[in-house]
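Below is one structure, written out as C-alpha cells; comments come after it.
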Amino acid sequence: MGRSDGEMILLWTLPVVGVVWLSAFLLFPGFVQPMSPTLSAEEVAAFYRDPENLPRIRYSMILFNWFAVGLIPILALIVLQIRRMAHRTPIFSYAIIACAAGGPTIFLMANLFWLTAAFRPMRDPQLTLMFNDLAWVTFSSQVGFLIAQNVILALAIHLDRQARPVFQRWVAHFNLVVAVLLVPAAFTGAAMTGPIAWDGLLTFWVRNLAIGLWIVVMAVVLRQAIERQRVEGETVAA
Amino acid sequence: MTSTAGGVPDEPSSPLRKIAWHWRHDEKRELWIGWWTLVVFYNLYGLLFFVIARTQPPPQPTLAPSEIAQWFDDRRHGLIYGYAIVFIVGGATAIMNATLAYTMRRMSVSRAFAYSYLVIYALATLPGMLIMGVVCTVGAMRPDRDPELMSWLYDFAFLSFEGTMGVFLIGSLVWMVAVLLDRNRVFPRWFAYLNLCNALTEVVVAPAWIFKDGAFAWDGTIAWWINMGVFVTYTTAFLTLLRRMILREDFGTGPLPELARDEAQEPSGSLEAAR
C-alpha cells in the first residue's frame, strides 16, 4: 500500500458521503419544498409540531450532524495537489486549510439551530421562529469560505506554471464561475420572496446545485491528478 | 515559474500593464497577492462595519428592548447589505492569515508556530465576525419581532464580537514567541512587544461580559476605544513590516537580507491587486 492508495480510499469516501447527504436532504421536510421566510410564527411552530415532520426533521439533521465534515478529507486532498504546483510559497495550500474547517463549522451551526428548534416544538412560537430564522440565514448566507476556496484554487491553478500543470486551466475558470453563482445567496436577508429569498431560485436552487456540481467536478479532476501522480511515481521507482 | 533573466521584459509604467507584468514575471506574486488582500480587506471591513452596517463604534449595552428594536429598524438596510458583503468577502481572511502564517514559516522557528497561527485565526473568523453578521441579519429582517427577543439577538451579536478573546490572545502570543525566537530577522523585536500589547487588550475586554456600563462595558473606554487604538496601531505595523519582509524575501532559509536604501524608498513594485 503506497501513499496514493490511502488517498484513493479517502477520495472514495466521497460517493458514500454524497449518498448520505442526498438522503438527508430528501428526508428533511423543509428542503424538498424549501420553507418560505414568509411563514408566520404559528405556521413555523406548526411545521415543527407536525407529527409527520418532527421525526424527519430530527433524523435528517442527525445525519447531517454526523456527515457534515465529510468533505474535509477531500479538501485535504486538494491541499496536497496544490502543494505539487509550481509555486514559490505554501500560501495557497495554507489558505485552503484555513477554509477547510470554516464551511462545515458554519453548516454545523445551522444544524444545531434546526435541531434545537425541533427539540422542544411546544416552545413559544416566537422562539421557534427565531431559531428557524437563525438556521436558515446561517445555512443560506454563509458562502464566504466556499467563494474563497474557489477563488484561491483558481489563483493557484493559474499560477501553476509548469509543462504539465496539476490541474488544467478550465478547472480554474470553472471554479470562478461557481464562485459567481454563490454570490447572490449572501443577500438572502434582503428579501422574503423572489429569487434572493432563502427559498428562492438563486439562493436555494442555484447555490446548492452549484455546490453539488463543484464537488462532483473536483472529485473527477482530483481522481485524474492522483492517478497521474501514481503512474509518475511508478515510473520514477522503475 | 523561474523567469530567466534574459526572457523578462522591463517593467512597464502604466498601472494596468504593471499589474500584468507582475502577474507574469514577479517571483513574489503570491506574497504580493496576500499583502494586497490584507490592505484592501482591512480597509473594506472598516468601511463595512463603521459606515455601512454602523455597528462600530458599538451602541450601549444599556438600551431598553424597545430602543433595541428601534436600533435594528434604524439601520435595517445597512445591516442586511453591509453584512451580505462581509459574507461574500469574509473568506478572504483565509489568504490573509495564510500570508501572516508564512512570516512565521520564513523564521528560523518550528513549523508549529505557523500552523498554530493559521488554525487559530481561521477559527477566529466565526465568532469574530460571521456570527455577528448572521445575528444582525436575523434581527434586521423581521422588524416586528418581539423586542425581548431582539434584545437577546443584540446581546448575542455584540458579546460574540467583542467578547471572543482567546483566539486573538493566544494567536498574538504565538506570533510574539516566534518573533522573539527567530534568528532570521524577519521582524524586529519591538513587534514582539506590540503583539504582547495586542494580547493584553484581549485580557482587559473580559469585564464586558459582566459590566453593562462604564469603562469596561463593551462600548467603554477600555474595552473598546483603547483596544481599537492598539488594534489599529498593531495592524498598521504588521502591514508595513510585512511589506518590507516581502521586499527583502530571497526564498532562502537563512537570515533575510536587509533592504538597500533606495529599495526601501521605492513605493512601487508591488502592484499585484489582481484578484
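Nothing in this text is a laboratory measurement; each read-out follows from the coordinates by a stated rule. No experiment lies behind these values; they were computed from the predicted model shown. Neighbour counts are summed over all protein chains in view; Cβ atoms, including those assigned to glycine, are modelled from backbone coordinates with ideal geometry.
Worth a mention:
- Cα gyration tensor shape of the protein assembly as shown, rounded if a/c is under 1.5, else prolate or oblate by comparing a/b with b/c: oblate
- Residue among A:Gly18, A:Met122, A:Ser40 farthest towards the positive dipole end of chain A, charges placed on Cβ: A:Gly18
- In a reduced charge model with +1 at each Lys and Arg Cβ and -1 at each Asp and Glu Cβ, chain B shows a dipole moment near 620 debye about its Cα centre.
- Relative contact order computed over chain A (Cα-Cα under 8 Å; 6+ residues apart), in percent: 21
- Neighbouring Cβ atoms from other chains, within 10 Å of the Cβ of residues in B:133-143, number 6 on average.
- Cα centroid of segment B:103-126 to Cα centroid of segment A:1-51, whole Å: 33
- Debye, to nearest 20: dipole size of chain A, +1 on Lys, Arg Cβ, -1 on Asp, Glu Cβ: 720
- Neighbouring partner chain Cβ atoms per residue of A:157-166, average, 10 Å criterion: 1
- For the peptides B:106-112, A:126-132, the ranking by mean Cβ contacts within 10 Å, running from highest to lowest, is A:126-132, B:106-112.
- Packing around the peptides A:200-213, B:61-74, taken as the average count of other Cβ atoms within 10 Å per residue, puts them in this order, highest first: A:200-213, B:61-74.
- Other protein chain Cβ atoms within 10 Å, averaged over every residue that makes up A:194-200: 0
- Rounded to the nearest 20 debye, dipole of the protein assembly as shown from Cβ charges on Lys, Arg, Asp, Glu: 1300
- Inter-part distance, segment B:147-171 to segment B:23-53, computed on C-alpha centroids, equals 26 Å.
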